[in-house]
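Quick one: structure below, then a few questions.
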Amino acid sequence: MFELIILFTAGFFGGILNSIAGGGSFITFPALLFAGVPPISANATNTFSSCAGYLSGAYAFRKDIKEHKQELTKIVLMSLIGGLTGAWLLLQTPETVFLEAVPWLLLFATLLFIFGSQLNNSLKKLASVHRHASSMGAVLLTLVLLGVCTYGGFFNAGLGIITLSYLALAGYSNINAMNGLKLLVSSVVSLIAIALFIIDGVIDWYSGTVVLLGTLAGGYVAAHLSRRLPQQVVRVFVIIASICITAYFFYDIYG
């Protein structure tokens, strides 16, 4: 019963964070580990729990996504290939190796969350200067997208932020379109990864469903809170929490 409360509460606050500022996986993924779910299974289960939020968000931005029809085939294809590759790599990784990598993955996601907006602004300026890039630049951008999606299939935390960085580098500037495409990438990557996780049997359905219900409840509450809570306050909370959780995992695994 205590584990159920932890998982639902983590999902609830994770859903609020995802809706207002992002970073919900900093709460839900560690909660799954604390509840006794093995590391690789916890990562796969977290991907499953987060997917509903991605899908509903992508649907909400469907009009903005449709405005970029010409790029959708490439984006979806790279998301499928990258998500499948990342999920496959995760399943080939020994449990102990992945556990040792968890603090570094969390640190990477934390740094992305903290410096993501500055990185995106820099990439937007770079994209505007090189707007008429060569075909070689287009190939490199496609490879960057493939790398982003592979990361997302391997470790879900931070995927949205790193996808926004890719979109800024690719020259996108409309924030609604960027958020819509970010959610589309996250949805496709998660769905193909979940399919592989189901085949391999690594998803903890009970824990994942409890977290999922929590995220849905949190997302609903966030729709009302978002107008009252300053995003900057929530963002600072996420940063402090992610630093503390990352430090804990470094101490727990390497201390």
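The values are calculated or read from the model by the stated rules, or taken from the named source; none is laboratory data. This structure is a prediction, so every number in the text was calculated from the model and none was measured. Using ideal geometry, Cβ is built from the backbone for each residue, glycine included, and neighbour counts are taken over all protein chains shown.
All but one of (1) out of contact with any helix residue (DSSP H, G or I) (no Cβ under 6 Å at 6 or more places or on another chain); (2) closer than 19 Å to S56 by Cα hold for L164; which doesn't?
Of the numbered conditions (1) out of contact with any helix residue (DSSP H, G or I) (no Cβ under 6 Å at 6 or more places or on another chain); (2) closer than 19 Å to S56 by Cα, the odd one out for L164 is (1).
Residues that are touching an Asp or Glu at 6+ places or on another chain (Cβ under 6 Å) and either within 23 Å of G218 (Cα to Cα) or at pLDDT 90 or above (or both): does the stretch 87-96 have at least one?
yes
Filter the stretch 32-65 down to the residues that are within 16 Å of the chain's Cα centre (by Cα) and over 22 Å from L196 (Cβ atoms) and list them by number.
Hits for the stretch 32-65 are S56, G57.
Moving on to the next point. Scan the helices (runs of 4 or more DSSP H) fully inside the stretch 139-255 and keep the ones with 1 or more residues being over 23 Å from K69 (Cα atoms).
175-200, 205-225, 231-254
Where the second residue is in a helix (DSSP H, G or I) and the first is of a type in the set (D, E, K, R) and lies in the stretch 54-76, which pairs have Cβ atoms under 7 Å and are six or more apart or on separate chains?
Taking only residues 6 or more apart or on different chains, the pairs are D64/N176; D64/A177; D64/G180; E67/A177; K74/T142.
A quick yes/no check of all residues on (1) more than 20 Å from F48 (Cα to Cα); (2) of a type in the set (A, V, I, L, M, F, W, C); (3) in contact with a strand residue (DSSP E or B) (Cβ under 9 Å, 6 or more places away or on another chain):
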{"position": "L169", "(1), (2), (3)": "yes, yes, no"}
{"position": "N176", "(1), (2), (3)": "yes, no, no"}
{"position": "I192", "(1), (2), (3)": "no, yes, no"}
{"position": "F197", "(1), (2), (3)": "no, yes, no"}
{"position": "G218", "(1), (2), (3)": "no, no, no"}
{"position": "V238", "(1), (2), (3)": "yes, yes, no"}
{"position": "A247", "(1), (2), (3)": "yes, yes, no"}
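Condition first: modelled with pLDDT under 85, under 17 Å from the mean Cα position of the chain (by Cα) and not aliphatic (A, V, I, L, M). Can you find one or more residues in the stretch 117-134 that meet it?
Yes, the stretch 117-134 has at least one match.
Taking the residues in the stretch 72-103 that are exposed (fewer than 13 other Cβ atoms within 10 Å of the Cβ) and out of contact with any helix residue (DSSP H, G or I) (no Cβ under 8 Å at 6 or more places or on another chain) as candidates, determine which candidate is nearest to G160 (Cα to Cα).
Per the criteria, the residue is T73.
How many residues are surrounded by 24 or more Cβ atoms within 10 Å (Cβ to Cβ) and at positive phi if we restrict to the stretch 1-56?
Total satisfying the criteria: 1.
In this structure, does L106 turn out to be exposed (fewer than 15 other Cβ atoms within 10 Å of the Cβ), assigned to a helix (DSSP H, G or I) and out of contact with any Leu (no Cβ under 6 Å at 6 or more places or on another chain)?
It is false that L106 is exposed (fewer than 15 other Cβ atoms within 10 Å of the Cβ), assigned to a helix (DSSP H, G or I) and out of contact with any Leu (no Cβ under 6 Å at 6 or more places or on another chain).
Out of T93, T9, report the one residue that is more than 13 Å from the chain's Cα centre (by Cα), touching a residue at least 24 places away in the same chain (Cβ under 8 Å) and closer than 20 Å to I194 by Cα.
Testing whether each residue is more than 13 Å from the chain's Cα centre (by Cα), touching a residue at least 24 places away in the same chain (Cβ under 8 Å) and closer than 20 Å to I194 by Cα leaves just T93.
Further question on the same structure: Find all pairs meeting these conditions: Cβ atoms under 9 angstrom apart; at least six residues apart or on different chains; first residue within the stretch 225-237 and within 12 Å of S19 (Cβ to Cβ); second residue modelled with pLDDT of 75 or more and not in a helix (DSSP H, G or I).
V234/G23
So which residues in the stretch 170-186 are buried (at least 22 other Cβ atoms within 10 Å of the Cβ) and touching a residue at least 24 places away in the same chain (Cβ under 8 Å)?
G180, L181, L183, L184, V185, S186
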